[in-house]
1. Can you compute 3J(HN,Hα) from phi for each residue in the range 87-95, using the Karplus curve 6.51 cos²θ - 1.76 cosθ + 1.60 with θ = phi - 60°, rounded to whole Hz and x for Gly and Pro?
2. Let's test the formula: R0 of 30 Å, r as the Cβ-Cβ distance of Glu144 and Arg120. What FRET efficiency results, to the nearest 0.05?
3. Quick check: the distance between the Cα centres of the range 110-149 and the range 90-106, to the nearest angstrom?
4. May I ask you to list the aspartates and glutamates whose Cα is less than 16 Å away from that of Lys160, ignoring any residue fewer than eight positions away on the same chain?
5. What are the residues whose amide H is under 5 Å from the amide H of Tyr57, where those residues sit 5 or more places off or on another chain and H is modelled from the backbone?
6. Give me the orientation-averaged projected area of the Cα convex hull of the range 112-197, in nm², one decimal.
7. Tell me which residues come under 5 Å, amide H to amide H, from Ile101 once H is placed; ignore anything under 5 positions away on its chain.
8. Any idea how far apart Ser86 and Trp63 come out in nm if each label point goes 7 Å out from Cα toward Cβ?
Amino acid sequence: MSSAECGGNSGLAVMQRATWSRPDNLSWYAIRIQSRLGSVASATLRGKGYEEFLPLYRSRRRWSDRVKELELPLFPGYLFCRFDVSDRLMPILTTPGVIGIVGAGKTPVPVDDEEIGAIRAILRSGLAAQPWPFLQVGAKVYIERGPLAGVEGIIANTDKVYRLVVSVNLLQRSVAVEVDREWARPILGRMGPRAVTMPARTRLLPCQRLGKHPPTKPGGLLR
């Protein structure tokens, strides 16, 4: 092979590696955190160059003398982060407030991009979102109109209120937002959201050594 060919192949390899490492090509992962240090963990990961996502919602809390609006996590105890799983994970695992990465066995399990996209769309919409009991089976709909146009989810009709429920199957957690019934159209032949495949057994991995531990729910942790 000529030097020109070698140089060309080397340049191509560098370009491929650069393309693979672009944030748009990285998967999202769920990171277990200490609830009170969510903001610290989020800011620190961002400072280290990671793309992180800590979904928050507004909630009014009433005290004896006043009412205060608070920002609370939609997924208490978790945030999401994009990274290359083949890179060193210690910069993530040593972040203040981080407990571990949700995974199965020794491998972190990615979160479905569509699920992250749906949650982001809900937060961008300005509609009031709230945590919701995990909902896996139900009438699947596609939102055609309104601020959530393009989002899919499951419809929950409780207390005469029409809610769109979006789930992160890996965490077995859901988020609900009130929508107009006219915005949605049924998706025929599909029941429930697309699931993230996970092995039946998961375990907790300690940071310094790999040992056998009882299975954790909803997934094991790599830490």
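1. With coefficients 6.51, -1.76 and 1.60, one gets 7, 5, 9, 4, x, 7, 5, 9, 5 Hz.
2. Numbers: r = 19 Å, r/R0 = 0.63.
The formula returns an efficiency of 0.95 here.
3. Measuring centre to centre over Cα atoms gives 26 Å.
4. Output for Lys160: Glu178, Asp180, Glu182.
5. Leu72, Leu74
6. Over every viewing direction, the Cα hull of the range 112-197 projects on average to 5.2 nm².
7. Long-range HN contacts for Ile101: Arg32, Leu222, Arg223.
8. Here the modelled spin labels are 5.3 nm apart.
FYI, it's all coordinate maths here, none of it is from the lab. Everything quoted here is computed from the prediction, not taken from an experiment. Positions of Cβ are generated from backbone atoms using ideal geometry, with glycine treated the same way; all protein chains shown enter the neighbour counts.
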